[in-house]
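K.L.:
Input: one structure, supplied below.
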Amino acid sequence: MEAVLAAAEVRTGPLDFEVWVTEKADALLRFAYVLTGDATLAEDAVQDALTTACARWGRVSRADDPEAYVKRMVVNAHISWWRRFRRRESPVDDPVRTARAVSDGTAARAEADAIWDLCATLPDKQRAAVVLRFYEELSYAEIAQLLHCAEATARSHVHRALAALKTTLSTEGAEDA
Amino acid sequence: MPEQHDPEQELGPKITSAFQDHAGAQGMQNTGLAREARRRVHRRRQTMSMAAGAVLVVAAVGGVWGLVGDGSPVATSHSDSASEGKAAAPEQPSQGVAPNSERDKAGCPVQHPIQQAAAPNDVPTGTGLDLNTQVTGLRACRYSTGQGGLLGQQEFDAAVAQQVVDAIKVLPERNPDLPVFKCAPQVAKPSEAITLRFTTAAGTKEIWVVYDGCTSAGFFTGTHVYGLYSAPLKLFMTGSVRPSGGTYLSALKDW
C-alpha cells in the first residue's frame with residue numbers, strides 16, 4: 001500500500017514532469033514542426049508551452065490527456081498575435097509552388113514536398129486548421145475549440161486552404177505537363 | 001451531371017502523408033526541454049518576487065513619507081509658516097512670548113476671514129476689540145491672502161497683550177508719513193496681513209493689522225481705524241509673525 005502511495009506521489013511530484021517530457025518531447029516537437037514549418041519556431045513553441053505547463057504542472061498532469069493539453073498550448077502560442085508580430089509575418093496572396101515534380105519515379109515524394117511547401121505559405125490559422133485536421137485528425141468542433149472560433153469558421157479555414165492548394169497544384173501540374 | 005470531388009477526400013491523405021514525411025525528417029533538439037522549462041519558471045518566479053518586493057518597498061517609502069509629511073516640502077500651513085518665518089527673520093526668544101506648551105494649546109485658525117476680506121476694516125461684527133477692554137493674552141496670526149494660508153503665529157502673555165493695546169489706542173487715525181499710492185486694483189489687495197487675537201473676559205477679540213497692498217494701512221477693529229506706526233509692531237512682529245516686508249513697512253523703516 002505504501003508503495004502504491006509512493007508511486008502516486010512520484011507521479012504528481014517534480015520527477016513526473018521530467019519523465020513525461022522525456023516521453024513526449026519527440027511527439028510535441030513533430031507536431032510543432034508540422035504546425036510552424038520551421039524547426040527553430042517549433043523548438044521555441046514547445047519550450048514555451050512546456051514552461052507554461054511546468055508552472056502549472058499540478059493541473060496539467062491531472063488533465064485527461066496532458067499531451068493534448070500541451071499541444072493546445074503550442075497552438076495557442078503559435079497563433080497568438082504577439083508571436084505573429086514577432087515573426088513579422090507577411091502572408092502572400094497566392095501560394096507558390098517551390099518544388100517541381102521530377103521524372104525519376106519519385107513523383108509521390110515530390111508531391112509531398114510540394115504540399116509541404118505550399119502549406120508553409122498558408123496564413124497561420126489556415127495552416128493550424130489543416131494540421132489539426134489532417135495530422136492530428138481532429139473533428140471540426142475540436143479544431144474550433146482550439147482556435148477559439150466557430151465550427152463553421154474552422155471548416156472554412158480548412159476548405160480555403162484546400163482550395164488554394166488544389167488550385168496551385170492543378171496549375172503547376174498543367175505547367176509540368 | 002458533372003462528378004463532384006470532395007477536396008478533403010482528394011487532398012486529405014496527401015496532406016497527411018506530406019506532414020508525416022516531414023515530421024519524421026527533422027532533427028530537433030529534444031533533450032533538456034524539461035530542465036530549461038524549470039529554469040525559466042524559476043527565473044519567472046524570481047522576477048515576480050523582485051517586482052512584488054519593489055512594489056512593497058515603494059509602498060513602504062510612500063507610507064513613511066506620508067507619516068513624516070508635516071516636515072516635508074509639501075505646502076502645509078504649519079510647515080510653510082515655520083520655514084517662511086525662519087526665512088523672514090530668525091526666530092528669537094522674545095520677552096513676553098509664552099512657552100511652547102502654552103502656545104500649542106489653541107493655535108490660530110487655519111482659515112480666517114482676513115484672507116478673504118474685501119476691505120481692511122471688514123472685521124466681522126462683534127469680533128473687533130474695544131481698546132478699553134482688559135486683555136489677558138494675545139496670539140498674533142499671520143496670514144497670506146493668496147494660497148499660502150497661515151504663515152506664522154506667536155503667542156504673548158497678558159503684559160505684552162496689554163502693551164500692544166495701549167500702544168495702538170493712542171495712535172491717530174492715519175500716519176501722515178506714509179505714502180499715498182495710486183495702484184491698479186489687482187495689486188491693491190495686500191499679499192498678507194496679521195490678526196491680533198486678544199483674550200478677554202468676553203472671549204477672543206481681534207484687531208487686524210494691514211501693512212501691505214496700496215489702499216490703506218493701519219490697525220482695524222471694525223469700528224475704529226488707527227494709523228500704522230512702528231511702536232506696536234515692534235511688540236508682536238517677532239518670530240514667524242515678522243514679515244519679510246510690505247509696502248507700508250518699507251516706508252516705516254524702523255519697524
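K.L.:
Straight-line reach from residue B:182: which lysines fall under 22 Å, measuring Cα to Cα and dropping same-chain residues less than 8 apart?
P.N.:
Of all the lysines, those that pass the test against residue B:182 - Cα under 22 Å, at least 8 places apart if same chain - are B:253.
K.L.:
Determine, from the Cβ-Cβ distance of residue B:202 and residue B:182 and an R0 of 45 Å, the FRET efficiency 1/(1 + (r/R0)^6), rounded to the nearest 0.05.
P.N.:
Numbers: r = 40 Å, r/R0 = 0.89.
Computed FRET efficiency for residue B:202 and residue B:182 comes out at 0.65.
K.L.:
Oh, and also: Can you give the average number of partner chain beta-carbon atoms within 10 Å of each beta-carbon in peptide A:163-169, as a whole number? Spell out each step's value before the answer.
P.N.:
Working: counts 2, 0, 4, 4, 0, 0, 2.
Counting Cβ atoms of other protein chains within 10 Å of each residue's Cβ and averaging gives 2.
K.L.:
Sequence neighbours fewer than 8 away in the same chain don't count; with that in mind, list the lysines whose C-alpha is under 21 Å from residue A:125.
P.N.:
Counting by Cα, and skipping residues close in sequence, residue A:125 has these lysines nearby: A:71, A:166, B:14.
K.L.:
Taking the mean number of other Cβ atoms within 10 Å as a proxy for protection, how do you rank B:8-21, A:43-56 from highest to lowest? Walk me through the numbers on the way to the answer.
P.N.:
Details: B:8-21: 16.8, A:43-56: 21.5.
Taking the mean over residues of other Cβ atoms within 10 Å, the ranking is A:43-56, B:8-21.
Bear in mind these aren't lab numbers, they're just calculated from the coordinates by the rules spelled out. What you see is a predicted model; the values in this text were computed from it and never measured. Please note: Cβ atoms are built from the backbone with ideal geometry, for glycine as well, and neighbour counts cover all protein chains shown.
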